Amino acid sequence: LLSVVLNVLFLLLIFRISARLRPRGDESDADSDEAAPVDLWNNHAIEAEDELFCLAISFLLVQALRFQVTGILPTKAGLEPGENFGAREIWTVYGEAVLFAVATVVVVLSGRSGRLADLLRGTLSMAFAWCLLFASRWMFESWPLLVRLRISPFSIEGRLILSLFLSAFACSVIIVLDQIEDAATGDDRRVTHKIVKNIVTGLSILVGFTWETTMDGCTEAVVSITHGHERRRLVSKLIGCFIILLVVLPAWRRYILHTVFKLMKYKKDQRAAWKLAEKLRTLDPKSQDAGWESDSSIESVAE
């Protein structure tokens, strides 16, 4: 675990240096229209740093915990080639996943705010996802039926089955969490939203990296026809990357990016509605009796 602590300190130092190198909107002599992109840049830079921190530290933490459970140090890819683990190791890692999920909820309920609290929540939720991923891989490797059929996570079929299984599990959990969030009201809804957001983030990491291993295996299988010609294999991978880019990028711009911009506009309008509601409360305290304290009233103003 010492390596985890050292990496935490190293990344925090890098983030401090990065913050000093980035310009600040309030220090710029430009007007507000030109200062807005600077603030947006800073926000996205901080968001990228936070995701990098949570992803790296959570993976390293789970690597250390798996080493404590099995006594075998995983590779840099998180694998233990040639090793088969029993029910004790599998359920121990599943138990660690539950503990990470509970810890995420506890941190949210504590009400702590700030960047360090965000980093802690993100790291715990991603560690929850890593534990689910590796424990599920071990379970599929030791499943008697899959062993008889010679289908393991080291084969294309096994990776595909594992990806479908974890994707179905993640979708089921997200549907349940969405119902719980919709049922919450008042201040409980804000807390529930934070809890659901962190758990869903962890599940998205779980699904993403599961399918990444599947696609990586498929790529290796395709380029294996040029075995013995390293240059041809590299060229084949490069061509495959461009093909995937041509297929995925238009869909990403049309659906995901468009939706993100709509949500950003909605949040901006919602903040403006909150400010308007606060001004109305200041000018006319009786407006509190008119229903301005409810979330639905403020959301109607934003619309």
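The values are calculated or read from the model by the stated rules, or taken from the named source; none is laboratory data. What you are looking at is a predicted structure, and each value in this text was computed from that prediction instead of being measured. Here Cβ is always computed from backbone atoms with ideal geometry, including for glycine, and neighbour counts include all displayed protein chains. Ligands, DNA and RNA are stripped out before the accessible areas are found, and what is left, the full protein with its side chains, is counted by its heavy atoms. Shrake-Rupley method; radii C 1.70, N 1.55, O 1.52, S 1.80 Å.
Quick one: net charge around residue 15, please, counting Lys, Arg +1 and Asp, Glu -1 for every other residue with C-beta under 11 Å from its C-beta.
Details: positive: 16, 20, 22, 115; negative: 49, 50.
Surrounding charge for residue 15 is +2.
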* To do: Return the single residue from 250, 23, 74 with maximal mean-square fluctuation; model: Gaussian network over the chain, springs between Cα atoms under 10 Å.
  => 250
* Asked: Simple spin-label model, 7 Å along Cα-to-Cβ: residue 79 to residue 142 in nm?
  -> 2.0 nm
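Counting only other residues whose beta carbon sits under 14 Å from that of residue 244, what net charge do I get with K and R as +1, D and E as -1?
Values: positive: 237; negative: 212, 216.
Local net charge: -1.
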* Structure fact -> Per GNM of the chain with C-alpha springs under 10 angstrom, the most fluctuating residue out of 18, 125, 136 is 18
* Which one is right for this structure if Cα Rg over 2.2 N^0.38 Å is calculated from it: (1) 1.22; (2) 1.10; (3) 0.97? -> (1)
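In Å², what does the accessible area per residue of the chain work out to with a 1.4 Å probe? Working shown, then result.
Numbers: 19890 Å² over 303 residues.
Heavy-atom SASA per residue in the chain reads 66 Å².
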* Name the residue, out of 221, 277, 117, whose mean-square fluctuation peaks in a Gaussian network model built on the chain with Cα pairs under 10 Å. => 277
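Could you rank 57, 174 by how accessible they are, 1.4 Å probe, largest area first?
Working: 57 10, 174 65 Å².
The residues order as 174, 57, largest area first.
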* Asked: Taking the Cα-to-Cβ direction at residue 99 and at residue 257 and moving 7 Å from each Cα, how far apart do the two end points lie in nm?
  -> 4.3 nm
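I need the calculated FRET efficiency for the pair residue 40 and residue 106, taking r as the beta carbon distance and R₀ as 41 Å, to the nearest 0.05. Each step should come with its number before you reach the end.
Numbers: r = 33 Å, r/R0 = 0.80.
Efficiency, from the Cβ-Cβ distance: 0.80.
By the scheme Lys and Arg +1, Asp and Glu -1, what is the net charge of all other residues having a beta-carbon under 12 Å from that of residue 259? Write down the numbers at each step before the final one.
Working: positive: 253, 254, 262, 265; negative: none.
Charge balance near residue 259 sits at +4.
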* Set 197/279; 237/267; 76/237; 194/275 screened for pairs whose C-alpha atoms are more than 32 Å apart -> 237/267
